[in-house]
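The values are calculated or read from the model by the stated rules, or taken from the named source; none is laboratory data. Fair warning: this is a prediction, and the values are worked out from it, not measured in the lab. Backbone-built Cβ (ideal geometry, glycine too); neighbour counts: all protein chains shown. Only protein heavy atoms, including side chains, enter the accessible area calculation; ligands, DNA and RNA are left aside. Shrake-Rupley method; radii C 1.70, N 1.55, O 1.52, S 1.80 Å.
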Amino acid sequence: MTNPTRAVRSLLRGKPPEGELDEEMRFHLEMEVKKNLERGMAPEEARREAMKSFGGVERFKDEVRDQSTAHFLETVLQDLRFGLRALRKNPAFSLAAILTLALGIGANTAIFSVVNGVLLQSLPYGGGERLVRLQADAPAASIQNAGFSPLDLADFRAQTKSFEGLVEYHSMWFVLLGRKEPERVQTAVVSANYFDVLGVKPILGRTFRKGEDAHGAEAVLVLSYAYWMRSFGGDPKVVGRVFAMNDHPHTVIGVLPPIPGYPNENDLYMPVSACPFRSNPRLENNRRGRMLTVFGRLKPEVTIAAARTELNGVAGRLAREYPDAYPKGGFLVTPVSLREEMTKTARPTFLILLSTVGLVLLLACANVANLSLARLIRREREMALRSALGADRKRLARQVLTESTVLGLLGGALGLLLARAGLHLLISFATRFTPRASEIHMEAPVLLFTLVISVVTGVALGLIPVMSRKKDLAASMNEGGERSTAGSGRHRVRNLLIVAQVAISFVLLIGAGLMVRSLWNLQRVDPGFQTERVLTMRMDLNFTKYDTADKRLAFHEQLLRRLQSEQGVVSASISGTFPLNDGNGPGAANGQFQIEGDPAVTEQELLPRADFQQASQDYFKTIQVPLLRGRTFDSRDRKGNDLVALINQTMANHRWPGKEAIGHRISFDQGKTWLTIVGIVGDVKQYELAAAPTDQIYLHLLQYPTLSSTILLRTVANPMAMSRIVSDTVHGMDPDQPVDHFRTLEQMRTNSLSSPRLTALLLALFALLALVITATGIMGVIAFSVSQRFHEFGIRMALGAQRGEVLTMVLRQGMSLVAIGLGIGLAGALLFSRLLNGLLYGVRPTDPLTFAAVAAVLLAVAAAACFFPARRATSADPMQTLRTA
């Protein structure tokens, strides 16, 4: 084999190394002549015998050339040049094939970029594979995902050896002062070594040092990258600035890199000593004060299973030592991979989408393969001529493979551009499922993936026509006989491809149909309240200024009076939260209560649970939740008077089935105080439209004033026009009080459906693309079949066949393939629909209506695709056919 470097150099010169080859052949010939002379032959006879033994110098030279790297590279370039010329001579085929492949490859590239960034990449933390979150469950007490107390954390730190470090985390809203306007900021409260354990290095300044979470330490802050860019424009001089928060000065010491925030996207980070709630001795010494999330880094040699065993050993000892502080049976503590935790919501949806686009690519390949088979049949005379001129089967197959690979690469290049154009939309889509959406990029693994599937697709497209018959690609140069056999062999392959296309399309259409029906059902869900013309905004009172219930109550009452007097306001109210708030989550306001008269409960964790929410007098009027029985809150329900509560219909049915709940009393402080149920209101979809209503208890804001609240206004006209008025009203009462997150209830309902809507939209787009590809494939196959049999149809009609009979015959040919494809697709759809079960609402995976509707649509489209080429078959002229027969 020729040296590759020399071969490339020779190839670039455009001249093969013939001189070296001639010199080598002369050397071997002279050696053979010399041997003959030594045997006693005459010089002329010795040369003649040497030439005879070689059997032809040119044959040997050809064999050497064939084995040389230069010859191979030259042949590849020849194939490429010829393939490009052939594609350029047939622009209709080339354009159709490239566009079809671009759609399939582009869809795969786009979804793979999401899967790669979210599911495949390591966490953007140092040694992120060893990071875990500790999860505490008490199955015997029906408690899941409980938090940890500071004392729990201290015990786990002292009594475990599986971790390089254990750190705490919780998040709170505070008011930041020192800028033009007060700002409400979400603040993570963490251990001093939090960023060291996570393996995060700042891009500016530093993070917390050892001891900065101790009592009396200076209050310092670290900014998240997103907040730094949003509020300070990326100003590096922010490090060292001092701001007021919680009635204390706080110094900014660093800025974090752009990493995903988990479990919250926080604006600021502070050590535990700077948080007035976390550093309160009553919490620090309370084993029941489980408000902390705990993260840890496993030692390199420790497995999750080993760490779980050690943690549960410690948890068991704690439950035995402090039986009053833990539920019956204690907690089971499990270290959960942080990487898995950050993507568990996204994984099912993303994998379904990846499977979907994989099917779309198979469809695109089948369609282009059919086009290639039809084109190859038309090129059989060309192939036969090349074969007659000395090209063997391998050489012809290589030419076909080269052309198909070029198509795959061109389709992949265009697909990459399409994927790049839609990347922003996909990132927005992924943001609703995982905090890792910001890590989605068109980077090296995605480019390599695109290259690989482009090449594999091209090679597969070339192999299908090459393998479609066992004989030579061009066995004859005549118009009949052998060519017809070749065409019929490939025709069977094309029919199989059509069957596969119909089957795949049916599967994708079923998936899209189920998701669309699920979305339709969600849109028709009654949320239990009216969203029209209601403005919401968030307001967290500064606890250092409004440190008593009376101060908070006075501020709320004055604010409601001012807002109610504004022109255009129908009603105003304040509540702890509001329905479908994206800051809520199931269990966000869970609490325990007991019913007066029920048997005494010895274990606190066995008390019934409900969602508690504070609400002002006009809350139900503002969002128009119906009063079913009794009364709502009124001015009599003030602090110092009898405590009252409202419950929803679900709780009334659940706790007092067949009885009247009004008049019963409940308590959530072990019977120290009792609240009387005075009314029952309608159920509200508090967390998500797909979730069933939970037991809900409403407390009067006048009796339970809160720091964190939501202002709600029902207006006469556009509610967003009132946002400036609300801000001015609040700042007029307290210039240091921020109010933000202005959104309408209509926006919140729309946002609550964004994830299923986007998922349904993507599946519908892919299914529509599949339907179009399948329809064009069927049309192409039937049209080609008609063109091949046009002479036959003329003879049939000359012998008496009616045009309708010919039309029916052609339609039967196409629809029989469709029927077979539907049968196969039905089995695949039953399997695929079960994968969607977790994403569906109000519709079964085997919904007969969806299956019937999709089958009808696919049959109608297929019939139309068959009909138009079938009409051409009826246009055959019998007389003209007989003349040319």
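Answer with one residue from Thr109, His556, Tyr704: the one whose Cα lies farthest towards the positive end of the charge dipole of the chain, charges on Cβ with Lys, Arg +1 and Asp, Glu -1.
Of the listed residues, the answer is Thr109.
Please list, in order along the stretch 725-736, the HN-Hα scalar couplings obtained from phi with the Karplus expression 6.51 cos²θ - 1.76 cosθ + 1.60 (θ = phi - 60°), rounded to whole Hz, x for Gly and Pro.
Along the stretch 725-736, the couplings run 5, 5, 4, 5, 5, 5, 5, x, 7, 8, x, 9 Hz.
Lysines near Lys685 by alpha-carbon distance under 17 Å, same-chain residues fewer than 8 away left out - which ones?
Straight-line reach from Lys685, under 17 Å: Lys621.
Taking H placed 1.01 Å from N in the peptide plane, check which residues at least 5 places from Thr744 or on another chain put their amide H under 5 Å from its amide H.
Those lying under 5 Å, H to H, from Thr744 are Thr536.
Counting helices only, and only those DSSP H runs with n ≥ 4, report the 222 nm mean residue ellipticity of the chain as the sum of -39,500 (n - 2.57) divided by its residues, in deg cm²/dmol to the nearest 500.
Working: 28 runs with 453 residues, N = 885.
It lands at -17000 deg cm²/dmol.
If you project the alpha carbons of the stretch 819-879 onto the principal axes, what extent comes out on each, in Å, largest first?
Principal extents (Cα only, largest first): 63, 19, 15 Å.
Would you compute the Debye intensity of the stretch 665-723 from its alpha-carbon atoms alone, equal scatterers and no solvent, and pass along log10 I(q)/I(0) at q = 0.16, 0.24, 0.29 Å⁻¹ to two decimals?
Values returned for q = 0.16, 0.24, 0.29 Å⁻¹ are -0.85, -1.17, -1.17.
Placing +1 at every Lys and Arg Cβ and -1 at every Asp and Glu Cβ, with all other atoms neutral, what dipole size does the stretch 665-731 have around its Cα centre, in debye to the nearest 20?
Working: 5 positive and 5 negative charges, 29 e Å.
About 140 debye.
Show which lysines lie in cross-link reach of Lys35 when reach means a straight Cα distance below 30 angstrom and same-chain residues fewer than eight apart are skipped.
Lys52, Lys61
Please name whichever of Leu131, Ile725, Ile820 sits farthest to the positive end of the charge dipole of the chain, dipole taken about the Cα centre and charges placed at Cβ: Lys and Arg +1, Asp and Glu -1.
Sorting the options by dipole projection puts first Ile820.
Under a no-solvent Debye model with one identical scatterer per Cα of the stretch 613-739, what's log10 I(q)/I(0) at q = 0.10, 0.13 Å⁻¹?
Listed by q, the Debye log ratios stand at -0.39, -0.64.
Where nothing but the Cβ of Lys and Arg (+1) and of Asp and Glu (-1) is charged, how large is the charge dipole of the stretch 269-369 around its Cα centre, in debye to the nearest 20? Show your work: numbers first, answer last.
Numbers: 14 positive and 7 negative charges, 62 e Å.
Using only the charged Cβ atoms, the result is roughly 300 debye.
Using +1 on the beta carbon of Lys and Arg, -1 on that of Asp and Glu, and nothing else charged, what's the dipole of the stretch 489-565 about the Cα centre, debye to 20? If you can, show how the numbers build up before the last one.
Numbers: 12 positive and 6 negative charges, 115 e Å.
Here the size comes out at about 560 debye.
At 7 Å along the Cα-to-beta-carbon direction for both Gln530 and Ser231, put a label point, then send me their distance in nm to one decimal.
With each label point 7 Å from Cα toward Cβ, the separation is 3.8 nm.
Can you return the lysines within cross-link range of Lys394? Criterion is Cα-Cα under 19 Å, with same-chain partners fewer than 8 residues away left out.
Candidates past the 8-residue exclusion: Lys470, Lys471.
Output wanted: per-residue J couplings in Hz (rounded whole) for the stretch 124-139, from phi through Karplus 6.51 cos²θ - 1.76 cosθ + 1.60, θ = phi - 60°, x for Gly and Pro.
x, 10, x, x, x, 5, 9, 7, 9, 10, 7, 10, 10, 10, 10, x
Contour minus end-to-end for Asp547 and Arg812, with contour as 0.36 nm per residue of separation and end-to-end as the Cα-Cα distance?
Values: separation 265, 0.36 × 265 = 95.40 nm, distance 8.21 nm.
Here the answer is 87.2 nm.
Return the tail of the calculated pair distribution for the chain, meaning the percent of Cα-Cα pairs more than 49 Å apart.
Details: 168998 of 391170 pairs.
Of the Cα pairs, 43 percent sit more than 49 Å apart.
Among bridges DSSP assigns within the stretch 600-757, what percent are antiparallel (round to 5)? Numbers along the way, then the final one.
Numbers: 8 of 18 bridges.
Here the share of antiparallel DSSP bridges comes out near 45 percent.
According to a simple spin-label model (label point 7 Å from Cα along Cα-to-Cβ), what is the distance in nm between Val570 and Asp728?
2.4
With label points built 7 Å along Cα→Cβ from the Cα atoms of Leu830 and Asp736, find their separation and express it in nm.
Distance between label points: 7.0 nm.
If you take the beta carbon distance between Arg287 and Asn718 as r and set R0 to 56 Å, what does 1/(1 + (r/R0)^6) give as a FRET efficiency, to the nearest 0.05?
Numbers: r = 52 Å, r/R0 = 0.92.
So the FRET efficiency works out to roughly 0.60.
When all alpha-carbon pairs of the stretch 159-220 are counted, what percent fall beyond 20 Å? It would help to have the intermediate numbers written out before the result.
Working: 803 of 1891 pairs.
Result for the distance tail: 42 percent.
Whole number in Å², please: accessible area per residue of the stretch 522-567, 1.4 Å probe, ligands, DNA and RNA not counted.
Numbers: 2250 Å² over 46 residues.
Per-residue value: 49 Å².
Give me the percent of accessible area attributable to carbon and sulfur for the stretch 222-371, probe 1.4 angstrom. Intermediate values should be presented prior to the final figure.
Numbers: 3540 of 6280 Å².
With neighbouring chains kept in place, the figure for the stretch 222-371 is 56 percent.
With viscosity set to 0.692 mPa s at 37 °C, what whole-number translational diffusion coefficient in µm²/s follows for the stretch 638-703 from Stokes-Einstein and a Kirkwood radius over Cα pairs? Spell out each step's value before the answer.
Working: Rh = 12.8 Å.
Diffusion coefficient, whole number: 257 µm²/s.
At R0 = 35 Å, how high is the FRET efficiency between Asn145 and Leu628 if r is their beta carbon distance? Nearest 0.05 is fine. Provide the component values of the computation, followed by the final result.
Values: r = 33 Å, r/R0 = 0.94.
With R0 = 35 Å, the Cβ-Cβ based efficiency is 0.60.
Which order, highest average first, do 725-738, 656-669, 158-171 follow once you tally other Cβ atoms within 10 Å for each residue and take the mean per peptide? Don't skip to the end; give the middle numbers.
Values: 725-738: 16.0, 656-669: 14.5, 158-171: 18.1.
Result, highest mean first: 158-171, 725-738, 656-669.
At 0.36 nm per residue, and after removing the present C-alpha to C-alpha distance, how many nm does the segment from Lys394 to Glu129 gain when stretched out fully? Numbers along the way, then the final one.
Values: separation 265, 0.36 × 265 = 95.40 nm, distance 4.88 nm.
Answer, rounded to one decimal: 90.5 nm.
Residues of the stretch 95-122 with backbone nitrogen within less than 13 Å of a virtual label 7 Å along the Cα-to-Cβ line of Arg347, please, listed as ranges.
Within reach of a label on Arg347, which here means backbone N under 13 Å from a point 7 Å along Cα→Cβ, the stretch 95-122 contributes 119-120.
Could you give the length gained on full extension between Leu448 and Phe277, defined as 0.36 nm per residue of separation minus the Cα-Cα distance, in nm?
Working: separation 171, 0.36 × 171 = 61.56 nm, distance 5.06 nm.
So the extension gain works out to 56.5 nm.
Of Lys210/Lys299; Lys299/Lys328; Lys180/Lys210; Lys545/Lys639, which pairs sit farther than 25 Å apart, going by alpha carbon to alpha carbon?
Numbers: Lys210/Lys299 20 Å; Lys299/Lys328 31 Å; Lys180/Lys210 33 Å; Lys545/Lys639 20 Å.
Listed pairs above 25 Å: Lys299/Lys328; Lys180/Lys210.
Suppose all protein chains stay in the model; what accessible area per residue would a 1.4 Å probe give for the stretch 618-679, in Å²?
For the stretch 618-679, the solvent-accessible area averages 51 Å² per residue.
Hey, what angle do you get for helix 150-159 against the long axis of the chain, alpha-carbon based, 0 to 90 degrees rounded to 10?
The angle comes out near 60 degrees.
If I take R0 = 25 Å and measure r between the Cβ atoms of Arg871 and Ala96 in this structure, what FRET efficiency does the formula 1/(1 + (r/R0)^6) give, to the nearest 0.05?
E between Arg871 and Ala96, to the nearest 0.05, is 0.70.
Please report, as a whole percent, how much of the solvent-accessible surface of the stretch 768-807 comes from carbon and sulfur atoms (probe radius 1.4 Å). Walk me through the numbers on the way to the answer.
Values: 1180 of 1830 Å².
Exposed carbon and sulfur together represent 64 percent of the surface.
Karplus couplings for the stretch 300-314 from phi (6.51 cos²θ - 1.76 cosθ + 1.60, θ = phi - 60°), rounded to Hz, Gly and Pro as x?
Values, residue by residue: x, 8, 9, 8, 4, 4, 5, 5, 4, 4, 5, 4, 6, x, 5 Hz.
Let a ≥ b ≥ c be the square roots of the eigenvalues of the Cα gyration tensor of the stretch 103-212; is it rounded (a/c under 1.5), or, if not, prolate (a/b larger than b/c) or oblate?
Details: a/c = 1.66, a/b = 1.21, b/c = 1.37.
In terms of gyration-tensor shape, oblate.
For the stretch 144-197, with all protein chains present and a 1.4 Å probe, just round the carbon and sulfur fraction of the accessible area to a whole percent.
Working: 900 of 2040 Å².
Carbon plus sulfur share of accessible area: 44 percent.
How many Å² of accessible area per residue for the stretch 719-762, probe 1.4 Å? Could you put the intermediate results ahead of the total?
Details: 1780 Å² over 44 residues.
Computed with neighbouring chains in place, this is 41 Å² per residue.
At what distance in angstrom do the alpha carbon centres of the stretch 656-714 and the stretch 191-212 lie from each other?
Comparing the Cα centres of the stretch 656-714 and the stretch 191-212, I get a distance of 42 Å.
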